[in-house]
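Below is one structure, written out as structure tokens, with a few remarks after it.
The values are calculated or read from the model by the stated rules, or taken from the named source; none is laboratory data. In this text the structure is predicted, and so the values were computed from the model without any measurement. Cβ coordinates were reconstructed from backbone atoms using ideal geometry, including for glycine residues, and neighbour counts include every protein chain displayed.
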Amino acid sequence: MNLYEILKRLESVYRPNKDEYIVLHMISKDNQVNHFEILIGIVLSQNTSDRNAMRALNNLRRDLGGIIEPERVLRTPVETIINAIKVAGIAKRRAETIYELAKWFKSDEGIVNKLHMLDVDEARKILMQIRGVGPKTADVYLLAVLRKPTFPIDTHIKRVLTRIGLALENEGYESIRKKIVSETHNDVDILMKLHILLIEHGRRVCKARKPLCNECVLRDLCSYYKKS
Ligand code: SF4
């Protein structure tokens, strides 16, 4: 199946709102990208809505005195961090990851430049060594911020790709990621658009419980639709 055709159709119907995607919101905010803050935003957005993640991030910024930076995190009591981010859920575990990230950024001021220079597999490996940073967090950061060719897969994307027939029900994250990156020939712009538009499609039409197949621009391509 042609991913480019899927992308073309999704592009024809959706205009994603940057404020509904925490990463798009943060990278479009100003020219000065705060990599530490973005990584924390991505950590906060796992397994919760982007809206709750943004609320948690804003609370954290407020409680750190207006700027999210490693030094401020490291001198802030863990209870304060937990309290600030609790709106996003699993606050204790996320707070631990935020401390780990703060230590990691503090340990090497040039770490972002080093990641820039590495290829995507090496950069993923380094990020995923940080406790609490999984493949999805690493991939969102590497694709959206460092613009490296990888493909983060969340529950919406997995569901849509499985229903269309581009992923198997029990296919693992790595297998799907590699397949999509290879089919798009490592094109970062295409990967980014696909990432956002498949989430948008999963949120608005290909919903978990009741997909709105009659409104779907992909139905003639979709295995789930053909079977049902
Ligand atoms: S036809 Fe239905 S199941 Fe298939 S992608 Fe569209 S909404 Fe999802």
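Could you figure out which of (1) assigned by TED's automatic domain parsing to the domain that holds Thr97; (2) surrounded by fewer than 19 Cβ atoms within 10 Å (Cβ to Cβ); (3) in contact with a helix residue (DSSP H, G or I) (Cβ under 6 Å, 6 or more places away or on another chain) isn't true of Ala138?
Going through the list (1) assigned by TED's automatic domain parsing to the domain that holds Thr97; (2) surrounded by fewer than 19 Cβ atoms within 10 Å (Cβ to Cβ); (3) in contact with a helix residue (DSSP H, G or I) (Cβ under 6 Å, 6 or more places away or on another chain), Ala138 breaks only (2).
Being closer than 15 Å to Gly132 by Cα, of a type in the set (Asp, Glu) and in the same structural domain as Ala123 (by TED's automatic domain parsing) is the requirement here; does Glu71 meet it?
In short, no.
Just checking, does the stretch 170-188 include any residue being near the ligand (Cβ under 10 Å from one of its atoms) and under 24 Å from Asn17 (Cβ atoms)?
If we filter the stretch 170-188 for residues that are near the ligand (Cβ under 10 Å from one of its atoms), which is where we start, we get none.
Within the stretch 170-188 (the criterion being near the ligand (Cβ under 10 Å from one of its atoms) and under 24 Å from Asn17 (Cβ atoms)), the answer is no, since none of the residues qualifies.
Determine if the stretch 82-91 includes at least one residue that is in contact (Cβ under 8 Å) with a residue 12 or more places away in the chain and over 25 Å from Glu20 (Cβ atoms).
Scanning the stretch 82-91 turns up at least one residue that is in contact (Cβ under 8 Å) with a residue 12 or more places away in the chain and over 25 Å from Glu20 (Cβ atoms).
What number of residues within the stretch 50-74 are in contact with a His (Cβ under 9 Å, 6 or more places away or on another chain) and among the aliphatic types (A, V, I, L, M)? Working first, answer last.
Applying the first criterion (in contact with a His (Cβ under 9 Å, 6 or more places away or on another chain)) to the stretch 50-74 yields 50, 54.
After this cut, where a residue has to be among the aliphatic types (A, V, I, L, M) as well, the list is 54.
Total satisfying the criteria: 1.
Go through (1) modelled with pLDDT of 95 or more; (2) farther than 24 Å from Ile180 by Cβ one by one and return the number of the condition Ser12 breaks.
(2)
Here is a yes/no grid of residues against (1) in contact with a strand residue (DSSP E or B) (Cβ under 8 Å, 6 or more places away or on another chain); (2) at pLDDT 95 or above; (3) of a type in the set (Lys, Arg):
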position: Arg72; (1), (2), (3): no, yes, yes
position: Lys106; (1), (2), (3): no, no, yes
position: Arg131; (1), (2), (3): no, no, yes
position: Ile164; (1), (2), (3): no, yes, no
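Just give me the residues in the stretch 1-41 being touching a residue at least 40 places away in the same chain (Cβ under 8 Å) and over 26 Å from Arg163 (Cβ atoms), in sequence order.
Ile27, Val33, His35, Phe36, Ile38, Leu39, Ile40
Answer yes or no as to whether Leu194 is within 12 Å of the ligand (Cβ to nearest atom) and surrounded by 21 or more Cβ atoms within 10 Å (Cβ to Cβ). Spell out how you get there, then give the answer.
On the way: within 12 Å of the ligand (Cβ to nearest atom): no; surrounded by 21 or more Cβ atoms within 10 Å (Cβ to Cβ): yes.
Spelling it out, it is not the case that Leu194 is within 12 Å of the ligand (Cβ to nearest atom) and surrounded by 21 or more Cβ atoms within 10 Å (Cβ to Cβ).
Any residue in the stretch 200-228 that is in the same structural domain as His156 (by TED's automatic domain parsing) and more than 7 Å from the ligand (Cβ to nearest atom) sitting within a Cβ distance under 6 Å of a residue that is part of a loop (DSSP other than H, G, I, E, B) and among the aliphatic types (A, V, I, L, M)? List the pairs, counting only those 6 or more apart or interchain.
Taking only residues 6 or more apart or on different chains, the pairs are Glu215/Val205.
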